[in-house]
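Heads up, the thing below is written out as C-alpha cells.
A short reminder: the numbers here are calculations on the coordinates, not readings from a lab. As the structure is a prediction and not an experimental result, all values here were calculated from the model. No Cβ is skipped: glycine too gets one built from the backbone with ideal geometry, and neighbour counts run over all protein chains shown.
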Amino acid sequence: MRSSPARVSMRGLRGFTLLELIMVIVLIGVAVSLVAGLLGVGRQGRQLRAAVATVATELKYARTRALVSGQSQVFAMDVGDGAWNAADHHGKLPTDVQVTFDAVREEQTNAREAAIRFFPDGSSTGGRISLRVHDAGWRVDVRWLTGEVSADRLPDARP
C-alpha cells in the first residue's frame, strides 16, 4: 500500500492580512485620541467644580466668621483675574474660569471688584457669583436674609 502524501490544510496556517493589521492600528489610534480628548474636557470640569467648591466654602467661612466674631465680614472678588479675599483668607481661581459677580452697588468698589458682606446676625447683602468654563457653568447664590450659600448648575451656557 502506498501512502498518500500528507496535505497541510491552509486553514491551520492562516494569519492576519496587512489590511486587517492596518485597520486595528487605525482603531487603536481613534480610541486613544478620543480618550485624550475626554481627559482634557474632564480636567476643565474638575477645575470648574473645584472653583465652585472654593467660592462656596469661602463664602460660608466669611459668614461663620461674622457670626462668631460679632463683626461684619466681607468676601470680595476681582472679576477680571479671579482673585478673592474673605476675612483672612485669599486666593485666585484658575485662569480658564470666567467669573460674573452680581452684588449690591454699595459693595462694588470699582467695575472689576464686587463683594458680599455678612453681618453678625448671619444675614448678608446677598449676591450671585457665576463661574463658567466653555459651555459648562455653575452659580453660587447667597441669600440676603439668611446668608445661606448654595451652588447650582447653570441651566444654559451663559451665567
### Message
Check which residues have an amide H placed less than 5 Å from Leu154's amide H, if you skip close sequence neighbours.
### Response
Gly137, Trp138, Arg139
### Task
List the residues whose amide H sits under 5 Å from the amide H of Glu113, counting only those 5 or more places along or on another chain, with H placed 1.01 Å from N in the peptide plane.
Val79
### Query
In whole Hz, what ³J(HN,Hα) sequence does segment 70-78 give by Karplus (6.51, -1.76, 1.60; θ = phi - 60°), x for Gly and Pro?
x, 10, 4, 10, 10, 9, 10, 9, 8
### Task
Mind giving me the FRET efficiency for Asp152 and Ile28? R0 is 41 Å, r the Cβ-Cβ distance, nearest 0.05 is fine.
0.50
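Once you order the gyration tensor axes a ≥ b ≥ c over the Cα atoms, which shape class does segment 108-159 get: rounded for a/c under 1.5, otherwise prolate or oblate by comparing a/b with b/c?
Values: a/c = 3.94, a/b = 1.57, b/c = 2.52.
The shape class here is oblate.
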### Query
Which number do you get for Rg(Cα) / (2.2 N^0.38 Å) in segment 18-153?
1.44
### Query
Amide H to amide H under 5 Å from Ala83: which residues, 5+ apart in sequence or cross-chain, H placed 1.01 Å off N in plane?
Asp78, Leu93
### Message
Just to check I understand the Karplus step: with θ = phi - 60° and J = 6.51 cos²θ - 1.76 cosθ + 1.60, what whole-Hz values come out for segment 94-104, glycine and proline as x?
### Response
x, 5, 6, 7, 8, 10, 10, 10, 10, 9, 5
### Task
Quickly rank 124-135, 142-153 as a protection proxy: mean count of other C-beta atoms within 10 Å, highest first.
124-135, 142-153
## Note on the structure
Phi angles of segment 15-21, converted by Karplus (6.51 cos²θ - 1.76 cosθ + 1.60, θ = phi - 60°) into ³J(HN,Hα) in whole Hz with x for Gly and Pro, give x, 9, 7, 4, 5, 5, 5
